[in-house]
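I have placed the structure first, in the form of structure tokens, so that the comments after it can refer back to it.
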Amino acid sequence: MRKRQKTLPGMTRRQLLSYSAASLALGAAETAKATALKGTPGWKPFSHNPIETYEHQGWLFLNEKEVAALEAIANRLIPADDLSVGGKDAGCVVFIDRQLHGFYGTFSRLYREGPFLPGAPEQGDQSPLVPQQRYRIGLADLEDYTHQEFQKPFHQLTAEQQDLVLHGLEKGDVKLAHIDGKLFMAQVLSNTMEGFFADPMYGGNRDMVSWKMIGFPGARYDYRDLVEKHNQDLHLAPVSIEGGEQWKTKG
């Protein structure tokens, strides 16, 4: 004897089929109402969650000594060459400063109640220090280290000496007094890369230098006319999330 097919509790098979048919009909009706948008979008980026703006161009969190050291580090991590400007001129330190000033600097949107115990590499960052503390402590310790070893602040060292220190931090050979050198170096490296490649509205990637270098067309909202064009240079100028001139409506 054929076993009867089960349905949801309290629902007959006939009711289930009726509801399914109604759902399909409703879905088809919603699809029919869909509208293809082209040209100027009918919305404004960040209209409900605007990015923070700044009345002046001064530093928001970092002090002058910290800026000098970070700019020197950014230029060693991303040295200027035929392809792009260096990390300093790309605005990487401006990006880091704004991030530290905002909620990222205090990890205010993350769970921070510990316990903070040494973990396996796969468990990621286990430090109780938030980014603001990592930069403030790490940069001060770095200055103490280079004064002790070279009698100069980091930004006044030769490029070879700076590379020697940065490689030592990365490998764990250079020990800082109050923070793990590898943790500090990983933090600076990660944020410098983010500043180089992030949308320019966050302060880095000045003049979209990295996007132009790699041929990234930016945050365009409609690629449907281009999706079938593979392995071609589309000659598209990069566009920020904030939009381009062609997005601005008149009136």
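Checking GLN126 against (1) surrounded by 11 or more Cβ atoms within 10 Å (Cβ to Cβ); (2) modelled with pLDDT of 95 or more, which single condition isn't satisfied?
(2)
Is there a residue being at pLDDT below 60, surrounded by 10 or more Cβ atoms within 10 Å (Cβ to Cβ) and part of a helix (DSSP H, G or I) anywhere in segment 4-15?
Among the residues of segment 4-15, at least one is at pLDDT below 60, surrounded by 10 or more Cβ atoms within 10 Å (Cβ to Cβ) and part of a helix (DSSP H, G or I), which makes the answer yes.
Report the residue count in segment 91-122 for those that are open to solvent by less than 80 Å² (accessible area, probe 1.4 Å) and part of a loop (DSSP other than H, G, I, E, B).
Residues in segment 91-122 being open to solvent by less than 80 Å² (accessible area, probe 1.4 Å) and part of a loop (DSSP other than H, G, I, E, B): 8 in total.
Return yes when ASP173 is in contact (Cβ under 8 Å) with a residue 40 or more places away in the chain and within 21 Å of ALA72 (Cα to Cα) and no when it is not.
No.
If you check THR146 against the conditions, is it in contact with a helix residue (DSSP H, G or I) (Cβ under 6 Å, 6 or more places away or on another chain), part of a helix (DSSP H, G or I) and without any contact (Cβ under 8 Å) to a residue 24 or more places away in the chain?
yes
Picking from HIS178, HIS235, HIS155, which residue would you name as being in contact with an Asp or Glu (Cβ under 6 Å, 6 or more places away or on another chain) and open to solvent by 50 Å² or more (accessible area, probe 1.4 Å)?
Selected residue: HIS178, the only one of HIS178, HIS235, HIS155 that is in contact with an Asp or Glu (Cβ under 6 Å, 6 or more places away or on another chain) and open to solvent by 50 Å² or more (accessible area, probe 1.4 Å).
The values are calculated or read from the model by the stated rules, or taken from the named source; none is laboratory data. Remember, predicted model here, so these are calculated numbers, not experimental data. Positions of Cβ are backbone-derived with ideal geometry, glycine not excepted, and every protein chain shown enters the neighbour counts. When the accessible area is computed, the model is the full protein with side chains, heavy atoms only, and any ligands, DNA or RNA have been set aside. Shrake-Rupley method; radii C 1.70, N 1.55, O 1.52, S 1.80 Å.
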